[in-house]
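To start, the structure itself, in structure tokens.
The values are calculated or read from the model by the stated rules, or taken from the named source; none is laboratory data. As the structure is a prediction and not an experimental result, all values here were calculated from the model. No Cβ is skipped: glycine too gets one built from the backbone with ideal geometry, and neighbour counts run over all protein chains shown.
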Ligand SMILES: [Cu+2]
């Protein structure tokens, strides 16, 4: 992946406003119906929570796969090995909360994806789409 497409991914996650996607599409989070609860982003806390995405002989996983965060923290996913993405499945998350669309695949070791925590207090689940069935999932508690 070249640098500009990586930047576009990062921007689309941060701003939710990347022109690359069909704006009429319903977000995969299933939160289309007028629920701008997450639109008022909390002020940045300056705190970054590092999460690694790993494939090795033990399987595919997020490390850690359980994190606690406050609104305004940033989840920073870094690819260690394998090919992974980050998505917020509608069937495992509350409705009425706006989630980022599934990210594109992280493919290059060291590639990162920064995701500001804009969700209200609650428990949320993210996953790597290709590996979710193999247990590559994560749990976020926003307090
Ligand atoms: Cu994966």
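Matching residues to (1) assigned to a helix (DSSP H, G or I); (2) touching a strand residue (DSSP E or B) at 6+ places or on another chain (Cβ under 6 Å); (3) surrounded by fewer than 18 Cβ atoms within 10 Å (Cβ to Cβ):
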site: 97; (1), (2), (3): no, no, no
site: 100; (1), (2), (3): no, no, no
site: 103; (1), (2), (3): no, yes, no
site: 108; (1), (2), (3): no, no, yes
site: 115; (1), (2), (3): no, yes, no
site: 118; (1), (2), (3): no, no, no
site: 123; (1), (2), (3): no, yes, yes
site: 130; (1), (2), (3): yes, no, yes
site: 140; (1), (2), (3): no, yes, no
**Prompt:** Regarding residue 81, is this residue surrounded by fewer than 20 Cβ atoms within 10 Å (Cβ to Cβ) and either within 17 Å of residue 134 (Cβ to Cβ) or in contact with a helix residue (DSSP H, G or I) (Cβ under 7 Å, 6 or more places away or on another chain) (or both)?
**Reply:** yes
**Complete:** residue 132 meets each of (1) within 11 Å of the ligand (Cβ to nearest atom); (2) under 10 Å from the mean Cα position of the chain (by Cα) with one exception, condition (2)
**Request:** Answer yes if at least one residue in the range 70-78 is over 13 Å from the mean Cα position of the chain (by Cα) and assigned to a strand (DSSP E or B), and no otherwise.
**Result:** no
**Request:** Restricting attention to the range 81-102, report how many residues are within 11 Å of the ligand (Cβ to nearest atom) and farther than 16 Å from residue 49 by Cβ.
**Result:** 6
**Item:** Which listed residue, of 108, 113, 140, 75, is at pLDDT 95 or above and over 16 Å from residue 48 (Cα atoms)
**Value:** 108
